[in-house]
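Engineer: Here's a structure for you.
The values are calculated or read from the model by the stated rules, or taken from the named source; none is laboratory data. Predicted model, so just to flag it, every value in this text is computed and none were measured. Cβ sites come from the backbone with ideal geometry, for glycine too, and all protein chains shown count toward neighbours.
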Amino acid sequence: MKLSDRCRRIELLLSDVDGVLTDGGITYDNQGIEHKKFHIRDGLGIKLWQRAGFKFGVLTARTSHIVKLRASELGIEIVRQGFEQKLPVLREVLKQLNLKPEQCAYIGDDLTDLPCIRNVGLGVAVADAADDVQSAAGFITRLAGGQGAVRELVELLLKAKGRWDETIHPYLAD
């Protein structure tokens, strides 16, 4: 099946966090407080996806208060943290939303993401993903994790669905 056909089926976009929405680096200050850096264009991409009427969620092996804060800021209701075995959680989310695997895209960067990438309609690897992840993916972004890869994927999906122009129209109006 062609990439554009697979993209048109997608109703749910699920994303790993570390290495996808961030560059994968984790820093701690002297008080032991964790810091992550998120790319602002990914944030707008997520909002555009949601405004077009589609669902977005995060599925991460780690648990971090920062992820909860960022998800709240972006209106992300599907937040699943602390699951190294992600596929059962992905299946649970699909069941809750009454969606089929082919209606879901998953974007990841490392080995914990492989089962999800292999079991959705469109498995996506960021440009700097592990080799095994890139080999399993149906699409590899040009951009690295934490550098706008999620936004790149959102644009691909919305354009394939013929929804890009209407979605960005408010930003183009004078």
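Engineer: Checking the structure you have, find out if any residue of segment 60-70 is surrounded by 15 or more Cβ atoms within 10 Å (Cβ to Cβ), touching a helix residue (DSSP H, G or I) at 6+ places or on another chain (Cβ under 9 Å) and under 27 Å from Ser135 (Cα atoms).
Structural biologist: yes
Engineer: With the checklist (1) assigned to a helix (DSSP H, G or I); (2) in contact (Cβ under 8 Å) with a residue 60 or more places away in the chain; (3) more than 15 Å from Ala105 (Cα to Cα) in hand, flag the one item Arg6 doesn't pass.
Structural biologist: Condition not satisfied by Arg6: (3).
Engineer: If you don't mind, another one. With the requirement that a residue be of a type outside the set (S, T, N, Q) and surrounded by fewer than 17 Cβ atoms within 10 Å (Cβ to Cβ), what does segment 26-40 give you?
Structural biologist: Going residue by residue through segment 26-40, those that are of a type outside the set (S, T, N, Q) are 26, 28-29, 32-40.
Across segment 26-40, the qualifying residues are Ile26, Tyr28, Asp29, Gly32, Ile33, Glu34, His35, Lys37, Ile40.
Engineer: Whether any residue in segment 81-95 is within 30 Å of His169 (Cα to Cα) and either in contact with a Leu (Cβ under 7 Å, 6 or more places away or on another chain) or crowded, with 19+ Cβ neighbours inside 10 Å (or both) is what I want to check.
Structural biologist: no
Engineer: I'm trying to understand the selection: among the residues of segment 100-128, which are more than 22 Å from Val79 (Cα to Cα) and buried (at least 16 other Cβ atoms within 10 Å of the Cβ)? Steps first, please.
Structural biologist: Step one: of segment 100-128, the residues more than 22 Å from Val79 (Cα to Cα) are 127-128.
Passing the criteria: only Asp128.
Engineer: Hey, another quick one. Would you pick out the residues in segment 32-44 that are of a type in the set (Gly, Ala, Ser) and touching a His at 6+ places or on another chain (Cβ under 9 Å)?
Structural biologist: none
Engineer: Looking at segment 110-136, which of its residues are over 18 Å from Thr60 (Cβ atoms), in a loop (DSSP other than H, G, I, E, B) and either among the aliphatic types (A, V, I, L, M) or without any contact (Cβ under 8 Å) to a residue 24 or more places away in the chain (or both)?
Structural biologist: Once the filter is applied, which keeps residues that are over 18 Å from Thr60 (Cβ atoms), in a loop (DSSP other than H, G, I, E, B) and either among the aliphatic types (A, V, I, L, M) or without any contact (Cβ under 8 Å) to a residue 24 or more places away in the chain (or both), segment 110-136 yields only Ala127.
Engineer: A further question follows. I'd like to check something: does segment 52-67 contain any residue that is touching a residue at least 12 places away in the same chain (Cβ under 8 Å), more than 23 Å from Arg118 (Cβ to Cβ) and either in contact with a Ser or Thr (Cβ under 6 Å, 6 or more places away or on another chain) or part of a strand (DSSP E or B) (or both)?
Structural biologist: yes
Engineer: Check Pro88 against each of (1) at pLDDT 95 or above; (2) under 21 Å from Ile66 (Cβ atoms); (3) not aromatic (Phe, Trp, Tyr) and name the one condition it does not meet.
Structural biologist: Evaluating Pro88 over (1) at pLDDT 95 or above; (2) under 21 Å from Ile66 (Cβ atoms); (3) not aromatic (Phe, Trp, Tyr) leaves (2) as the failure.
Engineer: Being of a type outside the set (Gly, Ala, Ser) and buried (at least 19 other Cβ atoms within 10 Å of the Cβ) is the filter here; which residues of segment 41-53 pass it?
Structural biologist: Asp42, Ile46, Leu48, Trp49
Engineer: Right, next: For segment 17-27, enumerate the residues that are over 18 Å from Phe54 (Cβ atoms) and part of a loop (DSSP other than H, G, I, E, B).
Structural biologist: Scanning segment 17-27 gives Val17, Asp18, Gly19, Asp23, Gly24, Gly25, Ile26.
Engineer: Could you list all residues from segment 28-43 that are in a helix (DSSP H, G or I) and without any contact (Cβ under 8 Å) to a residue 24 or more places away in the chain? Quick ask: steps written out before the conclusion?
Structural biologist: Of segment 28-43, the ones in a helix (DSSP H, G or I) are 40-43.
Scanning segment 28-43 gives a single hit, Ile40.
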